[in-house]
Amino acid sequence: MYKKTDTTYGYNGEIIPYEIDTQGEWGSFYVRRWPKPDSLPATKPKSRSSKDDDGIKPPTCALCDHYFGKIGQNLPMNRIRFYNERYILKPNDYPLVRNQLLCFVEPTNANNEYLPHRLEVKEPDVRLSIHIRRDGLTDLAYENVGDHPPVDSVTEESNEEKWVSWINPFTESAASQRHLHISMVKAKYIPLADWETLPWQVAEDKSNGVVISRFETNFYALAIDGKNPKDVAMTVTHIHEFMNKALIPYSFAAYEKNRVIIIPRSQAYSPIADQRIGTLELLTGVLVPGEKCSRLDTLQRDRAFQEVTLGTNVSLNFDRMLRGRFGMPPAGKSVYAHPSRYSI
């Protein structure tokens, strides 16, 4: 098992160096959760190993509490203005990977009381995720937030490094908070998926030409490809509305260029791994087992991923639902037999 020395990954409780060339190998090693620093506030969100998938959330929001200074005063924070939306960038208090950040929609309640905040994915959220994946934290409009110090990744010279960004939009996709937020981490810290699409497409958004394809993975995952981020973001927004009405949760990640990943989910909790599985686990192939799972090999990990995504029959039906909503896929190449000129 390999790992880069300045990451937070460990195997059997140890940090093991790995060659930089191996970082792109999906599921190439195991990880453990990074220890919580003593300086973080005592308030802890719901455990990722919780089996509570009923969609019920406590009436408080840790992200709003941070923003209004109820917990974690003077923590690093920046405001980002992006396509008429305002976001707050801050370090993740309970990261799975060192230097993990999150970006949430800025609350607007002047009375500093709890306010039902935006839960739905909108076009600017997708475009911001794509921008972070393609261009890192550069070319963004940053502002200070009160007396909060700026986030280190915004001020350091290496902010042109590549980042990976993802969203868990629903409780059933292992969202820690219903307040919409984008998670991100430097790409060099994780083994990125290197997936190819299958040679046939699932559907095409006839309004803008965005194509929906299947990835060649051992669980059901979709690639959304378009000519520009605007078209892709528009289609993802329509997919979000479509899946919300169909009561199908999903995981989302910006992948490469103008491609994003949509992974429809059946549930968040995996009994095999005793763990709530989020987008980061599916994207990297690295799964932290729960307390009741003493051993988790790659076969059990793959079964756990299949357990929380759509099965074969359900995925085929979902393909049909996508074609009914967006349209048939574009015409592709076909192979057909010519009659032989020679008799046998």
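The values are calculated or read from the model by the stated rules, or taken from the named source; none is laboratory data. Every value quoted in this text rests on a predicted model; they were computed, and no experiment measured them. With ideal geometry, Cβ positions are generated from the backbone for all residues, glycine too; neighbour counts draw on all protein chains shown. For the accessible areas, the whole protein counts, side chains as well, though only heavy atoms, and no ligand, DNA or RNA atoms are used. Shrake-Rupley method; radii C 1.70, N 1.55, O 1.52, S 1.80 Å.
Can you pull out the residues in region 243-255 that are within 20 Å of F305 (Cβ to Cβ) and open to solvent by 10 Å² or more (accessible area, probe 1.4 Å)? Of everything in region 243-255, those that are within 20 Å of F305 (Cβ to Cβ) and open to solvent by 10 Å² or more (accessible area, probe 1.4 Å) turn out to be I248, P249, Y255.
Could you tell me whether any residue of region 219-239 is at pLDDT below 90 and in contact with an Asp or Glu (Cβ under 8 Å, 6 or more places away or on another chain)?
no
Restricting attention to region 281-318 and to residues that are surrounded by fewer than 22 Cβ atoms within 10 Å (Cβ to Cβ), of a type in the set (S, T, N, Q) and in a helix (DSSP H, G or I), the residue that is nearest to the chain's Cα centre (by Cα) turns out to be Q306. Scanning region 256-268 for residues that are buried (at least 22 other Cβ atoms within 10 Å of the Cβ) and either modelled with pLDDT under 90 or part of a loop (DSSP other than H, G, I, E, B) (or both) gives a single hit, A268. Looking across region 115-150, the residues that are in a loop (DSSP other than H, G, I, E, B) and open to solvent by less than 40 Å² (accessible area, probe 1.4 Å) come down to H117, V121, G136, L137, T138, L140, V145, H148. If you check I88, I71, I130, I80 for being modelled with pLDDT under 75, among the aliphatic types (A, V, I, L, M) and touching a helix residue (DSSP H, G or I) at 6+ places or on another chain (Cβ under 9 Å), only one passes: I71.
When the residues of region 269-280 are filtered to those that are surrounded by 20 or more Cβ atoms within 10 Å (Cβ to Cβ), touching a residue at least 60 places away in the same chain (Cβ under 8 Å) and not in a strand (DSSP E or B), the one that is farthest from the chain's Cα centre (by Cα) is I277. Filtered by the rule that a residue be open to solvent by 10 Å² or more (accessible area, probe 1.4 Å), closer than 16 Å to S129 by Cβ and assigned to a strand (DSSP E or B), region 189-230 gives a lone residue, D225.
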